[in-house]
Amino acid sequence: MEIKVADVVLCEFYFTDLKKSKKRPVLVLKDNLPFGDFVGIPLSSKIEQLHKDEHLIDSADFLEGGISHQSKLIVRKTFVISKVVVIKKYGSLNDEAFKKYHRLFCDYFGCC
């Protein structure tokens, strides 16, 4: 599946036994890594408690498409993901929202 920066996609992550898996939404932060990988920030719909590195994201942040529930980005759990586990695309963030979340990532990891 073709993905690009600012897309929110659904990925299937397998447990170490490779028999069970979970499907989780992810924001594509950087999509041009070698070997068909991308950098993603996971989302969670469990928003009752927000930590310092978790930020709300909702349908107003999307240029196209969207997610069914208000969710949070969990910046501390950013990781490299293979594009082969992408199941579908929910949509793409608008430019302003993506820049905001990218800035929050850089603030947290000290890359500014």
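Given the criteria surrounded by fewer than 16 Cβ atoms within 10 Å (Cβ to Cβ), in contact (Cβ under 8 Å) with a residue 40 or more places away in the chain, more than 21 Å from Ser71 (Cα to Cα) and among the hydrophobic types (A, V, I, L, M, F, W, C), does Leu18 qualify? Against the criterion (surrounded by fewer than 16 Cβ atoms within 10 Å (Cβ to Cβ), in contact (Cβ under 8 Å) with a residue 40 or more places away in the chain, more than 21 Å from Ser71 (Cα to Cα) and among the hydrophobic types (A, V, I, L, M, F, W, C)), Leu18 does not qualify.
Of the strands (runs of 3 or more DSSP E) lying entirely inside segment 2-60, the ones with 3 or more residues being touching a Gly at 6+ places or on another chain (Cβ under 9 Å) are found at 7-14, 21-30. Per the listing Val86, Val75, the residue uniquely in contact with a Cys (Cβ under 8 Å, 6 or more places away or on another chain) and under 18 Å from Cys11 (Cα atoms) is Val86. Selection of segment 62-111 for residues being in a helix (DSSP H, G or I), of a type outside the set (Lys, Arg), free of Cβ contacts under 8 Å to residues at least 40 places away in the same chain and surrounded by fewer than 18 Cβ atoms within 10 Å (Cβ to Cβ) yields Glu96, Cys106, Asp107, Phe109. Considering Ser45, Ser59, the condition of being surrounded by 11 or more Cβ atoms within 10 Å (Cβ to Cβ), without any contact (Cβ under 8 Å) to a residue 12 or more places away in the chain and not aliphatic (A, V, I, L, M) is satisfied by Ser59 alone.
Computed from the coordinates by the stated procedures, all read-outs in this text should not be read as laboratory data. Since we're looking at a predicted model, the values are computed, not measured. So basically every Cβ, Gly included, is an ideal-geometry build from the backbone, and we count neighbours across all protein chains shown.
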